[in-house]
Amino acid sequence: MDYEMDIEPTGPQVTVREAEPYRVDFKLSSVDLAFANSVRRVMLAEIPTMAIDLVEVEKNSSVLPDEMLAHRLGLVPLISKNCDQDVEYTRDCECEDHCARCSVTLSLHARCTGDEIMAVYARDLVVSGERANEWVGSPVITDPEGNGPLICKLRRGQELKMTCIAKKGIAKEHSKWAPTAAIGFEYDPHNNLKHVDYWYEEDPVKEWPVSQNAAWEHAAPPDQPFDYDAQPNNFYFDIESVGNLEPDMIIQQGIVVLQRKLASAISSLSGTEGGDHNGVPDEDMMGVRSPDAYEPPEGMDGSFTAYANGGAASAWGASAATPYGATPYGGGGYGF
């Protein structure tokens, strides 16, 4: 005799609603709010990507100052495929300054020789020298014209010549390393849990229309008693990439980073911090060193800079102590 049994799935469930080359929309269920929000925050700020970090200006006769050009170059998205495995953080690399293992060198040389205004685009950034793989460091170009983001405009006789060094980093250090343009995040679109207290003039239903995610859930009946123990179970994500990483890779790497952070927390709570955990060093429990393991650079006298405790001389001059003491601008420092 054959029996049919309905077995409910256990563990997190993902329903992909829309998938595009640079965007993915999905529903995550069977998890709690803390986990869903942790995934969102990790994808926003802790996934490693490549971005221009150093700019050496040889010539700049444009109307834009060097600092503004360097800022614009830093915000140009660079392809970061497999940079989490193939590229080292500069602080972890054995080289003195930068090398092909921890950086990508790009050159920019443009000169306007005609009477019309010349536009300089990201396509004019040329990768020179060796790099970790065949993709990393190249500018992201998605427009139909194949130009990429606009860097500046030149008139007749004006010239740009500079060398750019792209390095690996995370958005927690600077937003130029962010892999996403935006992440939409919503749960309980009908506000059945009453987590949001809408301000309204006459009718909150008319003044606060529900989102498209409301079609995936049912609104609670007006006469239904309020459940104070109810918890959100469905979470709606809309991830938009800037082009340096594919949306599915952003999600996968976000989960990997979260696993490493949890492994580090478990290691600390189990009392194995500073040693090893089952034969594996704490900082390498998931295969690589945590990007949060930041070490400040050495100062001019060989000691730590003002970022570290102890009042050592800072990188801005031997007379400048930490922010808690004297500064090069006066005798007393500001309290924090």
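Quick notes on this structure:
- Computed Rg/Rh of segment 50-172, alpha carbon atoms with Kirkwood Rh: 0.99
- Entries in LYS167/LYS261; LYS27/LYS168; LYS172/LYS194; LYS168/LYS261 that, when Cα-Cα distance is taken, lie over 27 Å: LYS27/LYS168; LYS172/LYS194
- The order of the peptides 44-52, 100-108 by mean Cβ neighbours within 10 Å, most packed first, is 44-52, 100-108.
- Counting only heavy atoms of the protein chains and using a 1.4 Å probe, LYS59 has close to 100 Å² of accessible surface.
- Applying a DSSP loop filter and a limit of 10 other Cβ atoms within 10 Å to the chymotrypsin sites (Phe, Trp or Tyr not before Pro) in segment 204-257 leaves PHE226, TYR228.
- Highest mean first, the peptides 192-200, 84-92 sorted by other C-beta atoms within 10 Å per residue fall in the order 84-92, 192-200.
- Remark: relative contact order (segment 50-172) = 42 percent; criterion is Cα-Cα distance under 8 angstrom and separation of 6 or more residues.
- Ordering of 139-146, 158-165 by packing [mean C-beta count within 10 Å, highest first]: 158-165, 139-146
- Angstrom value of the Kirkwood radius, inverse mean 1/r, which spans all Cα pairs in segment 43-114: 14.4
The values are calculated or read from the model by the stated rules, or taken from the named source; none is laboratory data. These numbers come from a predicted model, not from an experiment. Methodologically, a virtual Cβ is constructed for each residue, glycine included, from the backbone with ideal geometry; neighbour enumeration extends over all protein chains shown. These accessible areas exclude ligands, DNA and RNA; they are computed on the full protein's heavy atoms, side chains included. Shrake-Rupley method; radii C 1.70, N 1.55, O 1.52, S 1.80 Å.
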